[in-house]
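Asker: Would you mind keeping the following structure in view while I ask a few things?
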Amino acid sequence: MLKRGLYTEATLATVSGATGYGLIAHAAIAIERDKIVYAGPDDGLPAEWRSVPATSLDGRLVTPGLIDCHTHLIHAGSRASEFEMRLEGASYEDVARAGGGIFSTVEATNQTSDDGLLSGALKRLDRMLAEGVTTVEVKSGYGLTQEGELRLLRVARKLSEMRPVRICTTFLGAHAIPKDMDGDEYLDAVCLPALRAAAAEGLVDAVDGFCETIGFSPAQIKRVFDVASELGLPVKLHAEQLSDQGGAKLASQYGALSADHLEYVSQDGVEAMAEAGTVAVMLPGAFYFLKETKVPPIAAFRVAGVPMAVATDSNPGSAPMTSILLAMNMATTLFAMTPEEALRGVTVNAARALGQSDIGMITPGQVADLAIWDSSHPAELSYRMGDAPLYARIFGGLEC
Ligand code: DI6
Ligand code: FE
């Protein structure tokens, strides 16, 4: 028998228009197998669905399943002592240059077994799912050896076998330069061979890098992107998080899916992103946790028509958080995004930042990944500070 599901008396936030929530009150969603086949007013439901048993949602809000499009979910260790150093005045760069920062997580990660990494990541993933998340991007970048990077991506793939969630993997071998090498040596000896091997194993959905004075230069990122292009893989970039390196413009020249962070992006970079259709991924949790004061140019993104996404950046150094709802709250309070923009940022625009066209909206033909909320007002998601009024989560048409 054909698997069918029908929800009625819903308040839909379809996010399917060019702007806004795309609200439809007194609405129905019909699902066949894993796809939405109808989403619209209850009284417009096609005749063949009228005899199908329906679940009334009593006016509850339904959004697309939330998408966390930037995470470093797989890692081990804690950076609590670094946090204390920073509270006493050391900067994120000071800690990194002193050999802490990303390197301390690399060490802890490489000393942890696959099972240990998997169980740590599952704990964080479960907290995300409890907030209505149905898709998570997961980056490598805490191995920094060929085998270490591949291992993280294999663990990432495993997550989607163990939980009802879509995982998009990103190769971030160009995350930090090991102390005993220079950047180009590391690219030649480790990062680029690892990228080729990971791609050959089907472990890579996109390729990322950290373009920064304490990371990789634009010329080095270009080398990574050239290999990605040769392999037919889309790129994205940690750009302009701590300083303006021209990373957003460089990424745009490669037709990047997204440029992420962007506190220090120039107007030139904004325009290049608009032209290339590159999504600006806002990471207000990292902004908050590093006590950054320079806000990304939200108004300039709006004027130029750059789509904005919002993500947690979940990682132990700059954003030890898992709450996409808190990231939405911070995007509104710290970055002055509207609750509409925040919701679009974790749905339709987050899907675009991952190059996924069949999730992120509530329209016929989309995969039925949905979140049902114990509220009828879509601003509720940004308003609560990391609280989750989740009523149910639907993944591929199944409530789970
Ligand atoms: N920027 C970030 O915010 C994360 N990676 C990056 O390149 C933080 C990574 C860390 O500090 O462990
Ligand atoms: Fe990041």
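Asker: Residues that are over 25 Å from R352 (Cβ atoms), at least 2 per element: which strands (runs of 3 or more DSSP E) completely within the stretch 1-60 meet that? Steps first, please.
Answerer: On the way: elements: 4-13, 23-32, 35-41.
Counting at least 2 such residues, we get 4-13, 23-32.
Asker: Looking at Q245, Q267, Q241, Q220 in this structure, which one is in the same structural domain as F335 (by TED's automatic domain parsing), in contact with a His (Cβ under 8 Å, 6 or more places away or on another chain) and touching a residue at least 12 places away in the same chain (Cβ under 8 Å)? Can you show your working first?
Answerer: Details: Q245 fails: in contact with a His (Cβ under 8 Å, 6 or more places away or on another chain); Q267 fails: in contact with a His (Cβ under 8 Å, 6 or more places away or on another chain); Q220 fails: in contact with a His (Cβ under 8 Å, 6 or more places away or on another chain).
Sole residue among the options that is in the same structural domain as F335 (by TED's automatic domain parsing), in contact with a His (Cβ under 8 Å, 6 or more places away or on another chain) and touching a residue at least 12 places away in the same chain (Cβ under 8 Å): Q241.
Asker: Looking only at residues in the stretch 168-183 that are part of a loop (DSSP other than H, G, I, E, B) and within 16 Å of ligand 1 (Cβ to nearest atom), which one is surrounded by the fewest Cβ atoms within 10 Å (Cβ to Cβ)? Spell out how you get there, then give the answer.
Answerer: Step one: list which residues in the stretch 168-183 are part of a loop (DSSP other than H, G, I, E, B), which gives 175-182.
Now drop any that are not within 16 Å of ligand 1 (Cβ to nearest atom), which leaves 175-179.
Working: H175: 24, A176: 23, I177: 23, P178: 15, K179: 7.
So the residue we want is K179.
Asker: Would you mind finding the one in L203, L187 that is assigned to a helix (DSSP H, G or I) and at pLDDT 95 or above?
Answerer: None of the others qualify; the one that does is L187.
Asker: Any idea which of (1) assigned to a helix (DSSP H, G or I); (2) within 16 Å of ligand 1 (Cβ to nearest atom) is the one P193 doesn't satisfy?
Answerer: Condition not satisfied by P193: (2).
Asker: Specify the residue that is nearest to ligand 2 (Cβ to nearest atom); the eligible residues are those in the stretch 98-115 that are among the small types (G, A, S) and farther than 16 Å from L150 by Cα. Show your work before the answer.
Answerer: So in the stretch 98-115, the residues among the small types (G, A, S) come out as 98-101, 104, 108, 113.
Now restrict to residues that are farther than 16 Å from L150 by Cα: 98-101, 104, 108.
Details: A98: 21, G99: 20, G100: 17, G101: 13, S104: 16, A108: 17 Å.
Checked the stretch 98-115; the qualifying residue nearest to ligand 2 (Cβ to nearest atom) is G101.
Asker: What are the residues in the stretch 282-328 that are of a type in the set (G, A, S), within 12 Å of ligand 2 (Cβ to nearest atom) and not in a helix (DSSP H, G or I), if any?
Answerer: Narrowing the stretch 282-328 to residues of a type in the set (G, A, S): 285-286, 299-300, 304-305, 309, 311, 314, 317-319, 323, 327.
Those still in the list that are within 12 Å of ligand 2 (Cβ to nearest atom) too: 285-286, 311, 314, 317-319.
Within the stretch 282-328, A311, S314, G317, S318, A319 qualify.
Asker: Taking into account only those residues within the stretch 250-261 that are of a type outside the set (S, T, Y) and surrounded by fewer than 24 Cβ atoms within 10 Å (Cβ to Cβ), which is nearest to ligand 2 (Cβ to nearest atom)?
Answerer: Applying the first criterion (of a type outside the set (S, T, Y)) to the stretch 250-261 yields 250-251, 253, 255-257, 259-261.
From the residues that got through so far, the ones that are surrounded by fewer than 24 Cβ atoms within 10 Å (Cβ to Cβ) too are 250, 253, 255.
Values: L250: 17, Q253: 21, G255: 20 Å.
In this case the residue turns out to be L250.
Asker: Looking only at the stretch 322-344, count how many residues are touching a helix residue (DSSP H, G or I) at 6+ places or on another chain (Cβ under 8 Å), touching a residue at least 60 places away in the same chain (Cβ under 8 Å) and surrounded by fewer than 24 Cβ atoms within 10 Å (Cβ to Cβ).
Answerer: Residues flagged as touching a helix residue (DSSP H, G or I) at 6+ places or on another chain (Cβ under 8 Å), touching a residue at least 60 places away in the same chain (Cβ under 8 Å) and surrounded by fewer than 24 Cβ atoms within 10 Å (Cβ to Cβ) within the stretch 322-344 amount to 2.
Asker: Another one. Does A121 satisfy the criteria of being crowded, with 16+ Cβ neighbours inside 10 Å, within 13 Å of ligand 1 (Cβ to nearest atom), among the small types (G, A, S) and touching a residue at least 12 places away in the same chain (Cβ under 8 Å)? Let's see the steps before the verdict.
Answerer: On the way: crowded, with 16+ Cβ neighbours inside 10 Å: yes; within 13 Å of ligand 1 (Cβ to nearest atom): no; among the small types (G, A, S): yes; touching a residue at least 12 places away in the same chain (Cβ under 8 Å): yes.
No; evaluated as a whole, the condition is false for this residue.
The values are calculated or read from the model by the stated rules, or taken from the named source; none is laboratory data. Everything quoted here is computed from the prediction, not taken from an experiment. Note: ideal-geometry Cβ built from the backbone for every residue, glycine included; neighbour counts use all protein chains shown.
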